[in-house]
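Below: the structure, in structure tokens.
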Amino acid sequence: MIKCIFTLDYEIYGDGTGSLNELVYQPTERLLHVFEKWDARFVNYVEVAEFERIEAAGTDAAIDRVKRQVKDMHSNGHEIALHLHPQWYNARFQQGQWELDYSEYNLCTLPQLRIAEIVDRSVNYLGYMVDNSQFSPLSFRAGNWLFQPTRNAALELARRGLQIDSSVFKGGLQRNQNLDYRPAQRNGYYWTFSSDVNEPDPMGRWLELPIYTEMVPPWKMATSKRMGMGTGGGTRSSLPKKLKRAMDLLRFRYPLKFDFCRMTFPELASMMGRVILQDRQDPDTLKPIVAIGHSKDLNDIETVDAFLSFLREQNIPVVTFENIFTKVSELTHSN
């Protein structure tokens, strides 16, 4: 039993560059039109820290369009979820560009009081964007997928009502950030956890629905579509950090995320085809397959349209986390 969940990281480039209109509002409008055509909904991971700071500094007039878009999406049944790059909260806009505070790059490594402050601030701003001060998102995705060490951040997010994480991509490794999702490869399609996102805990209050990945040879990552994507200016890295990043990549097998922006239609259909074969062998197991995309990468809407058509032909429902949360929770706690 396959369910496909489309998730969108709704943001500009990671170094603070880029136009809200070009990288957030316009591409998401195109995506919304395609999903409306197929009467489907997706999960919008709103990167609230950058939007709050951009609005406060008045650096991009399109922020009003973005806020209206988020509110309309919420009203129309798309799931509004929390995405968070904490380096934005101490950011300064100087000489026409943003200077981000990379000492706060990983929410999970900050003091617990600071984590609590950031979580409260981010959830409150998300409620402001949907025009509902009581709004509490169900799901969370960490900036740069950094949800380790898990315990303190999970505690503070749960305090504000969050219950689902979708930061894990099995096989993920970032030595510079001490991220290691390789242990998660032994887990199933989803699991509950408590203090370590890699470790299933039947009594855990959190549910992990990981971004779907396949372990592939590194050369399979170097497609023309993927290599042509913009990434923003990034940050300068020291030689040791560059060496660690090279070590991350020098593996026999590398995690290929199920990315509807960076993959071609044949790649998406082929990956889903392998899931379909698994499902034929085990049709009773629920298989939530989480796809990821980024608004800043969304320049090939025809591929998304074709893939939604493919899913319809294969009778694979497109759902949100909210649609399946109760069912998945019942299954995890009954096993």
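State to the nearest 20 debye the size of the charge dipole of segment 1-59 about its Cα centre, where the only charges are +1 on K and R beta carbons and -1 on D and E beta carbons. It would help to have the intermediate numbers written out before the result.
Numbers: 5 positive and 11 negative charges, 70 e Å.
That gives a dipole near 340 debye.
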Using alpha carbons only, how many angstrom separate the centre of segment 117-187 from the centre of segment 1-40? 19 Å
Per-bin percent of Cα-Cα distances, segment 141-199 [5 Å]: 4, 18, 33, 27, 14, 4, 0
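Provide the percentage of antiparallel DSSP beta bridges, counting only those with both residues in the chain; round to the nearest 5.
Here the share of antiparallel DSSP bridges comes out near 30 percent.
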Whole-Hz ³J(HN,Hα) from phi, Karplus 6.51 cos²θ - 1.76 cosθ + 1.60, for segment 320-329, glycine and proline x: 10, 4, 4, 5, 10, 4, 4, 4, 5, 4
In vacuum, with every alpha carbon of segment 45-118 counted as one equal point scatterer, what does the Debye formula give for log10 I(q)/I(0) at q = 0.11, 0.26 Å⁻¹? Two decimals, please. -0.33, -1.18
Under 5 Å, built H, 5+ apart or other chain: amide partners of Ala142: Ser166, Ser167
The chain - Rg (one decimal) and Dmax (whole number), Cα, Å: 18.9, 59
Which three extents, in whole angstrom, do the alpha-carbon atoms of segment 90-184 cover along their principal axes, largest first? 39, 39, 22
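Return the subset of Lys257/Lys287; Lys170/Lys287; Lys3/Lys37; Lys71/Lys257 for which the Cα-Cα distance in this structure is over 24 Å, preserving the input order.
Where the Cα-Cα span goes over 24 Å, the pairs concerned are Lys71/Lys257.
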Any idea what the dipole of segment 2-334 comes to, in debye rounded to 20, about its Cα centre with Lys/Arg Cβ at +1 and Asp/Glu Cβ at -1? 1000 debye
Derived scalar couplings ³J(HN,Hα) [segment 108-116; Karplus, 6.51 cos²θ - 1.76 cosθ + 1.60; whole Hz; x for Gly, Pro]: 5, 9, 7, x, 4, 5, 5, 4, 4
For Tyr254, the residues 5 or more places away or on another chain with a placed amide H closer than 5 Å to its own amide H are Val216
What value in Å³ per residue do you get for the convex hull of the alpha-carbon atoms in segment 1-149? 120 Å³
Ordered by residue, what ³J(HN,Hα) values in Hz, to whole numbers, does segment 282-290 give under the Karplus form 6.51 cos²θ - 1.76 cosθ + 1.60, where θ = phi - 60° and Gly and Pro are x? 9, x, 7, 7, 5, 10, x, 9, 9
Take every DSSP beta bridge with both residues inside segment 33-149 and express the antiparallel ones as a percent of the total, to the nearest 5. 25 percent
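No value in this document is a laboratory result; all are computed from the given coordinates. Since the model is a prediction, treat every value here as computed from it, not as a measurement. In this analysis, Cβ positions are derived from the backbone assuming ideal geometry, glycine residues included, and neighbour counts consider all displayed protein chains.
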